[in-house]
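The values are calculated or read from the model by the stated rules, or taken from the named source; none is laboratory data. If you're wondering where the values come from, they're calculated on a predicted model, not measured in any experiment. Please note: Cβ atoms are built from the backbone with ideal geometry, for glycine as well, and neighbour counts cover all protein chains shown. For the accessible areas, the whole protein counts, side chains as well, though only heavy atoms, and no ligand, DNA or RNA atoms are used. Shrake-Rupley method; radii C 1.70, N 1.55, O 1.52, S 1.80 Å.
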Amino acid sequence: MRILENIISDRGSRYAVSGAPCRSEAEAKAFLKALKRRKKFARATHNTWACLTSDAPLKNDDGEAGAGMVILRMLEREALQDHIIVVTRWYGGKHLGGDRFRHVAEAVRLYLKDLP
């Protein structure tokens, strides 16, 4: 499990990104469960994620409508199979509007940049 914390901050909202190899929906659920064992991530407002498996693309917005699709499209562009990426947001009290999608995309870019 790889986690990059406090990578983006905007109007009180804070972001982190994490990921790991993942080949199925069961592995995705197990990853999220392990991530949420950390109290900080369990209390997050959103843990949005996506994973391109050989069976089917998987995603979940976790209340951040459309964010899972942003992650999924970036995984497709990178042709990154069998890897889950989770973008976590702690809501800071002010609506970000469309900027939230820019932050999700930037979080994924930062994660992919140093991926071995």
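Looking at Arg100, Arg109, Arg89, Arg77, which is the one that is part of a strand (DSSP E or B) and either among the charged types (D, E, K, R) or open to solvent by 40 Å² or more (accessible area, probe 1.4 Å) (or both)?
Going through Arg100, Arg109, Arg89, Arg77 in turn, just one is part of a strand (DSSP E or B) and either among the charged types (D, E, K, R) or open to solvent by 40 Å² or more (accessible area, probe 1.4 Å) (or both): Arg89.
Just the residues that are charged (D, E, K, R), more than 20 Å from Lys40 (Cα to Cα) and in contact (Cβ under 8 Å) with a residue 12 or more places away in the chain, please, taken from segment 59-93.
Once the filter is applied, which keeps residues that are charged (D, E, K, R), more than 20 Å from Lys40 (Cα to Cα) and in contact (Cβ under 8 Å) with a residue 12 or more places away in the chain, segment 59-93 yields Lys59, Glu76, Glu78, Asp82.
Rundown of residues vs (1) over 14 Å from the mean Cα position of the chain (by Cα); (2) modelled with pLDDT of 95 or more; (3) hydroxyl-bearing (Ser, Thr, Tyr); (4) over 11 Å from Tyr15 (Cβ atoms), yes/no style:
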position	(1), (2), (3), (4)
Leu72	no, yes, no, yes
Glu76	yes, yes, no, yes
Asp82	yes, yes, no, yes
Arg89	no, yes, no, no
His95	yes, no, no, yes
Phe101	no, yes, no, yes
Glu106	no, yes, no, no
Leu110	no, yes, no, no
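Give just the number: which of (1) polar (S, T, N, Q); (2) under 16 Å from Glu106 (Cβ atoms); (3) open to solvent by 60 Å² or more (accessible area, probe 1.4 Å) does Ser18 not satisfy?
Just one mismatch for Ser18, condition (3).
What do you reckon, is Leu72 hydrophobic (A, V, I, L, M, F, W, C) and part of a helix (DSSP H, G or I)?
Yes, satisfied.
Taking the stated definitions as given, is Ile8 of a type in the set (A, V, I, L, M, F, W, C), open to solvent by 10 Å² or more (accessible area, probe 1.4 Å), modelled with pLDDT of 95 or more and under 24 Å from Pro116 (Cβ atoms)?
It is true that Ile8 is of a type in the set (A, V, I, L, M, F, W, C), open to solvent by 10 Å² or more (accessible area, probe 1.4 Å), modelled with pLDDT of 95 or more and under 24 Å from Pro116 (Cβ atoms).
Confirm whether Val70 is crowded, with 19+ Cβ neighbours inside 10 Å, of a type outside the set (Asp, Glu), touching a helix residue (DSSP H, G or I) at 6+ places or on another chain (Cβ under 6 Å) and closer than 19 Å to Asp114 by Cβ.
no
Does any residue of segment 37-58 turn out to be in a strand (DSSP E or B), at negative phi, out of contact with any His (no Cβ under 8 Å at 6 or more places or on another chain) and without any contact (Cβ under 8 Å) to a residue 24 or more places away in the chain?
yes
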